[in-house]
Amino acid sequence: MEFAAFADHAGEIEAEPADLEIVALVTELFERADDDLATIARFLQGRVFPAHDSTTLDIGPRLCYEAIARAAGKNVSADDVEDRLAEVGEIGEVAASYEFGGQQGLGAFTGGGADGLTVSEVDEELRTLAAVEGSGSQDTKLDILFGLFNRADPDEARYLARLVLSEMRIGVGEGTVRDAIGDAFDVPVASVERALQVSNDYGLVAEVARDEGEDGLDSLYLETGRPVQAMLAQAGTVTDALEAWDEAAVSWKFDGARIQVHYDGDDVSLFSRNMEDVTDALPEVVEFVEANLTAPAILDGEVVAVDDEGDPLPFQEILRRFRRKHDVAKAREEVAVELEAFDCLHADGDDLLDVALPARHERLVEVLDDGVAGLWITDDPDEIAEVESQALDAGHEGIMLKNPESTYSPGRRGQNWLKRKPDVETLDLVVTGAEWGEGRRAEFLGTFMLSVRAGEEFEPIGKVATGITDEELAELTDLLEPHVLTEDGKDVEIDPAVVFEVGYEEIQASPTYESGWALRFPRFLGVRDDKNPEDADTKARVERLVEDQ
Ligand code: ATP
């Protein structure tokens, strides 16, 4: 297809406000495409390379302005282009405002004017440009770019400029391309969607849909070395998780950076959250994977920077390691990193995207000898709190809650992964009761009844049993025992004397407790030695907090 025809079509799409019409226009474009179908599918989204390929054109705006200026003729400078951009606000509009053609220069077509530049030629030239390296590379890039602009008419120049700066913005999102592939080649959208998830390449999927149909799409699999988009999480609470799924798969939320590990049996590649290849920056992770991964696999996880004791360092440290291109050996001495793998997308020939989380985790345990993050499946808020306090004690951020029945959805920020929101507020509450523990905790008081201040009285608002270590239980028993008023079996009434600081997720109206309110997911944070019962939080504050919820 001529690039002019592509530009013409892109113009029509851009001018079309209705989504369905946009899909129809893209469908038509796909039907008209030839050998260049894959390129067109990528260009429409402002891409030269597939999403999984982190090759970039590495063209800064200034280089683009210089190319435009050179193609526009002697009297135009890059500064003029920049000034015009400041007026017009969009590079495509600026490029389209010049008359190109006929400017002499390296790589230029000297006949001048629009001359049947094709989509494939633009693609080839831009790929050549992306591969240019070393000294003088900017000049060579400028020559190639100038050569392209010099052959472009205004409409072509508009979309060429946007393409090279990755700012296509014609309203064609991923969903549009997916639907148009389905319509153009008569294949189910679900097959297109799945194929896109595993291949991460709209160009490839369009071609396979056209040439091999639904069967072809269904036979596309994950490939080691070709990253997929990471599954993402929403903020949520333990209450949300247990209400939605009955039980939750809980793991530590590591304070590091997302990493996707690919191992084909020989080589390891590592990709960041945005699918950049970071293999060279993290040689110790490569060595670790080589030593511990026993089969070809694709793993999802987090890399964490650690200090000499193995305790996590702030995640900026790991990002610094990602960015490091030179002196990696030195950087490695300065900041050690560790892998915490929490998911498995592919193991030993099996794609696992459609497999439920616990089974994926089992495969992870099978293939990776070390560095596997724990996964606890439970419906017990206390156990969840226990996992959370371990994570916090280990210096990590908290917990992730995942739907145990969920499959792996690349690129999705759905309801199936929740990052537990940190507590917004805490309450200082008076201990007015407790229960003697059982088994190994029989000697200790536990499950403490907490009360708010209501005038001269103290009214119960909930019980806390979580977030307390055995050591703390022993201390709390010593602290509270002198204040015990009455005992009835395991139940103990306690004279208001000790104030706990407590975290919670939510306050709910409740007939269970005298205050009329109940804390959801309360956790013990510490004893407020500095506070007396009369300094504890009041019911009025609780009611204000409820209003703010
Ligand atoms: P997001 O990645 O969701 O866009 P973000 O980069 O700001 O957001 P957070 O909101 O803090 O990160 O949390 C999500 C991130 O937590 C994940 O992308 C992943 O890097 C990290 N993470 C740490 N531990 C886990 C885990 N066990 N399971 C999933 N993700 C985890």
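The values are calculated or read from the model by the stated rules, or taken from the named source; none is laboratory data. Everything quoted here is computed from the prediction, not taken from an experiment. When we count neighbours, we look across all protein chains shown, and the Cβ atoms used for this are built from the backbone with ideal geometry, even at glycine. Remember, those area values only see protein heavy atoms, side chains included, never the ligands or the DNA or RNA. Shrake-Rupley method; radii C 1.70, N 1.55, O 1.52, S 1.80 Å.
Here are the numbers:
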| read-out | value |
| --- | --- |
| GluC sites (Glu not before Pro) restricted to DSSP loop in segment 155-190 with at most 15 other C-beta within 10 Å | GLU167 |
| Gain on full stretching of the segment that runs from ASP351 to ARG169 - 0.36 nm per residue minus C-alpha separation | 62.1 nm |
| Estimated inter-spin distance, ASP379 and THR128, nm [label 7 Å along Cα→Cβ] | 6.6 nm |
| FRET E, pair GLU247, ASP529, Förster distance 35 Å, beta-carbon r, rounded to 0.05 | 0.40 |
| Charge dipole (the chain, unit charges on Cβ, about Cα centre) - positive-most of ASN532, ASN403, GLY236 | GLY236 |
| About the Cα centre, charge dipole magnitude for the chain (Lys/Arg +1, Asp/Glu -1 at Cβ), debye | 1580 debye |
| Linear extension gain, ASP8 paired with ARG32, 0.36 nm per residue minus alpha-carbon span | 7.3 nm |
| HN-Hα J in Hz across segment 75-81 - Karplus 6.51, -1.76, 1.60, θ = phi - 60°, x for Gly and Pro | 7, 10, 10, 4, 4, 4, 4 |
| GLU366-TYR221 pseudo-label distance in nm [points 7 Å out on the Cα-to-Cβ vector] | 1.4 nm |
| Relative contact order [Cα under 8 Å, 6+ residues apart], the chain, whole percent | 12 percent |
| Solvent accessible area, Å² - HIS9, 1.4 Å probe, full protein context | 10 Å² |
| Mean accessible surface per residue for the chain, computed with a 1.4 Å probe while every protein chain stays in place, in Å² | 45 Å² |
| Nearest-0.05 FRET efficiency for GLU99 and ASP393, computed from C-beta distance (R0 51 Å) | 0.15 |
| Distance (nanometres) between label positions extended 7 Å along Cα→Cβ at GLN415 and ASP58 | 4.6 nm |
| Estimated FRET transfer efficiency when R0 is 25 angstrom, pair ALA540-ASP495 (beta carbons, to 0.05) | 0.60 |
| Carbon/sulfur fraction of accessible area - the chain, other protein chains in place, 1.4 Å, % | 43 percent |
| Gap separating the Cα centres of segment 29-81 and segment 457-481, nearest whole Å | 65 Å |
| Cα centroid separation - segment 275-326 against segment 148-189, whole Å | 36 Å |
| Computed helical MRE - 222 nm, the chain, DSSP H runs ≥ 4 contributing -39500 (n - 2.57), nearest 500 | -12000 deg cm²/dmol |
| Extension reserve of the GLN138-ARG440 stretch, reckoned as 0.36 nm per residue once the Cα distance is removed | 101.6 nm |
| Within the chain, percent of DSSP bridges classed antiparallel, to nearest 5 | 90 percent |
| Segments 35-45, 299-309 sorted - mean Cβ within 10 Å per residue, highest first | 35-45, 299-309 |
